[in-house]
Amino acid sequence: MMNNYGNWGDYHSGFGMMSNWDHSALFGVLAFAAPFIIVFILWSIFWKGLALWHAARRGQYWWFLILLVVNTAGILEIIYLFFVAKIRWAELFSTKEHHHAS
């Protein structure tokens with residue numbers, strides 16, 4: 001039985017034309033993307049950790065829970081740190097006690 005992809009045997013994987021991909025091409029794409037994925041993961045961990053630390057120190061447990069559960073590639077964490085908690089860049093790594101309004 002013939003189809004648009006050649007004979008029936010070429011279509012058995014269910015991926016159509018994707019079954020004809022060379023595995024080295026897929027490996028090349030993954031090798032190219034891997035550094036970007038690693039940088040993305042490190043970026044996310046950095047901002048999430050910093051935001052969680054500040055939320056816990058400020059006693060803002062709802063923010064801590066939201067930041068812990070919701071993953072936004074650091075966007076929500078940056079919004080929390082600079083616009084909600086109003087922390088300045090110089091204070092990001094400070095161990096001084098935070099002053100906050102409950």
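Every number in this text was worked out from the coordinates using simple rules, so none of it is lab data. Predicted, not measured: the structure shown is a model, and the values here were computed from it. Positions of Cβ are backbone-derived with ideal geometry, glycine not excepted, and every protein chain shown enters the neighbour counts.
Sites listed here are GluC sites (Glu not before Pro) in the stretch 38-102 whose DSSP assignment is loop and whose Cβ has at most 13 other Cβ atoms within 10 Å: Glu97. When you filter the chymotrypsin sites (Phe, Trp or Tyr not before Pro) in the stretch 24-100 for DSSP loop state and at most 10 other Cβ atoms inside 10 Å of their Cβ, you are left with Phe93.
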